[in-house]
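The values are calculated or read from the model by the stated rules, or taken from the named source; none is laboratory data. What you see is a predicted model, and the numbers here were worked out from it, not measured in a lab. Positions of Cβ are backbone-derived with ideal geometry, glycine not excepted, and every protein chain shown enters the neighbour counts. Accessible surface is based on the protein model in full, side chains and every heavy atom, while ligands, DNA and RNA are left aside. Shrake-Rupley method; radii C 1.70, N 1.55, O 1.52, S 1.80 Å.
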Amino acid sequence: MENIPLNAINPRRWLVLTVVVAAQFMYVVDIFIVNVAIPSIRADLNASTAQIESVIALYQIAYASMVITGGRLGDIYGARRLFLIGLVGFTATSLACGLAPTGSALVLARLAQGLTAALMVPQVLATIHNLFPDAARSRAFAIFGIALGLGGVVGFIVGGWLVTLNPYGLGWRTIFVVNGPIGAALVLAAIWLMPSQESKNAHSSTL
């Protein structure tokens with residue numbers, strides 16, 4: 001890989017990597033964490049089998065259907081902006097899942113959660129590419145890959161703990177509500193740490 005001038009390297013890039021990978025990790029955990037709470041959700045909300053299946057599937061379907069668009073929007077408007085929009089939306093929709101009064105409301109909230117994840121997640125790879133133009137990129141992607149691999153395991157384990165411990169009497173709702181403070185902390189960290197990036201539209205307007 002070519003030599004990169006020192007002034008082109010963001011001195012806080014490893015902190016930025018921690019933030020974006022943590023957001024990616026939160027998305028992966030939420031794929032799996034809901035599975036261990038299904039019996040509690042069914043009993044508490046009197047949810048039908050179709051609703052329970054939708055809670056699991058629509059999250060990933062919504063993400064898959066929107067992720068290419070999310071990546072393209074990041075190219076147009078900037079990875080930082082779309083990451084923040086997606087992260088704020090993901091945090092808000094996670095809380096909506098945790099506060100859902102009915103099975104139908106939970107299904108809609110999970111759909112929205114998947115859509116906002118599709119805005120957030122593509123910007124993780126874009127940010128790694130932008131911040132690591134040197135030989136450190138391989139290490140950054142290794143960290144990214146480890147986070148992906150651990151997300152599923154942590155989702156099952158933490159989900160089981162949260163449902164069993166039942167903090168504040170929230171029951172299954174804890175698996176979604178926990179994203180609130182985590183997401184808020186990541187939003188503040190991203191605002192502070194992530195460099196602003198020129199969108200392609202802005203760049204083309206100057207040519």
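A few points about this structure:
- Scanning the range 44-88 for residues that are assigned to a helix (DSSP H, G or I) and of a type in the set (S, T, N, Q) yields Thr49, Gln51, Ser54, Gln60, Ser65, Thr69.
- Any hit, the range 137-148, residues being among the small types (Gly, Ala, Ser), at pLDDT below 90 and over 24 Å from Gly89 (Cα atoms): no
- Unmet requirement for Gly78, which otherwise passes all of (1) in contact with a helix residue (DSSP H, G or I) (Cβ under 8 Å, 6 or more places away or on another chain); (2) in contact (Cβ under 8 Å) with a residue 12 or more places away in the chain; (3) not polar (S, T, N, Q): (1)
- Only one of Ala105, Ala92, Ala100 that is farther than 22 Å from Ala22 by Cβ, open to solvent by 30 Å² or more (accessible area, probe 1.4 Å) and at pLDDT 95 or above: Ala105
- Looking across Ala112, Ala126, Ala140, one residue alone is touching a Phe, Trp or Tyr at 6+ places or on another chain (Cβ under 6 Å), part of a helix (DSSP H, G or I), touching a residue at least 12 places away in the same chain (Cβ under 8 Å) and not hydroxyl-bearing (Ser, Thr, Tyr). It is Ala140.
- Taken over the range 149-180, residues that are open to solvent by less than 70 Å² (accessible area, probe 1.4 Å) and of a type in the set (A, V, I, L, M, F, W, C) amount to 10.
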